[in-house]
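Let me begin by presenting the structure, written as structure tokens, before commenting on it.
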Amino acid sequence: MKNFIVILLSILSFYSCKNSVSENPVGSDTTSNVEEKLSDSKILTADGFYFAKKNESGVEEVDPPVYNRGDLVYFVVRNVGNFASDNSGEAHFEMHMKVENTLGENVIIKRDVLKTKGIKKLKGDRINLPNARFQTSENDKPGTYRFFIVLEDKLSNDSITVAGDFFIE
């Protein structure tokens, strides 16, 4: 009965959550935190997102996104595009991530995750499946958590924020 209630609450939480793709410009202040980057993007676009788990054959989508304490949460963005490129044809982009707990408190914030890996030639102007991971722990309280990824185009000074909810049992 307890498992049925947890599954039912997970499904209700998943369908009632506010999953969003929020597009936003990045100001010149690179020290600002992730919360300040939630307005409309002028250039960058994304085709949604999904949550995933690792299994024996790789990483697979999880729907609904329900995890146990101790699981590794993958948050994957689909087809982010319209990145500018320099004279050599390389895009310069960066990624930031944040996870909030059930109370809206920051569990983790990581800025500049990519560093030099974010300077490369892209096929077209798109990144197919950028993703970030969050390692849950036995200390995490059960409930709905929110995962944020901010992808920033360093050349156009634009960014896009993608946010989605997942549940920890």
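The values are calculated or read from the model by the stated rules, or taken from the named source; none is laboratory data. Note that the structure is predicted; figures quoted are calculated from it, not measured. Positions of Cβ are generated from backbone atoms using ideal geometry, with glycine treated the same way; all protein chains shown enter the neighbour counts.
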| query | Just checking, how many residues over segment 71-110 are part of a loop (DSSP other than H, G, I, E, B), acidic (Asp, Glu) and touching a Lys or Arg at 6+ places or on another chain (Cβ under 9 Å)? | reply | 1
| task | Would you mind telling me which numbered condition in (1) within 23 Å of Lys42 (Cβ to Cβ); (2) in contact with a Ser or Thr (Cβ under 7 Å, 6 or more places away or on another chain) Asp71 fails? | result | (1)
| remark: Flagged in segment 114-169 as within 23 Å of Gly104 (Cα to Cα) and aliphatic (A, V, I, L, M), in numbering order, are Ala132, Ile149, Val150, Leu151, Ile160, Val162, Ala163, Ile168
| Counting only residues that are without any contact (Cβ under 8 Å) to a residue 24 or more places away in the chain and assigned to a strand (DSSP E or B), which one in segment 39-61 is nearest to Ile160 (Cα to Cα)? | Glu61
| note | When segment 111-138 is checked residue by residue, the ones that are within 18 Å of Phe167 (Cβ to Cβ) and in a loop (DSSP other than H, G, I, E, B) are Thr136, Ser137, Glu138
| said: Considering only segment 74-87, I want to know if a residue exists there that is farther than 27 Å from Ser41 by Cα, exposed (fewer than 14 other Cβ atoms within 10 Å of the Cβ) and touching a residue at least 24 places away in the same chain (Cβ under 8 Å). | reply: no
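Residues checked against (1) more than 16 Å from the chain's Cα centre (by Cα); (2) surrounded by fewer than 16 Cβ atoms within 10 Å (Cβ to Cβ); (3) closer than 25 Å to Tyr67 by Cβ; (4) modelled with pLDDT of 95 or more:
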residue	(1), (2), (3), (4)
Lys123	yes, yes, no, no
Thr144	no, no, yes, yes
Phe147	no, no, yes, yes
Ile168	yes, no, yes, yes
| note | Note on segment 88-115: residues crowded, with 19+ Cβ neighbours inside 10 Å and among the small types (Gly, Ala, Ser) are Ala91
| message | Out of the residues in segment 36-57 meeting the condition of being loosely packed, with under 15 Cβ neighbours inside 10 Å, touching a strand residue (DSSP E or B) at 6+ places or on another chain (Cβ under 9 Å) and of a type in the set (Gly, Ala, Ser), tell me which one is nearest to Phe147 (Cα to Cα). | response | Gly48
| query | For segment 149-166, which residues satisfy the criterion of being surrounded by 19 or more Cβ atoms within 10 Å (Cβ to Cβ) and not small (Gly, Ala, Ser)? | reply | Ile149, Val150, Leu151, Glu152, Asp153, Asp158, Ile160, Thr161, Val162, Asp165, Phe166
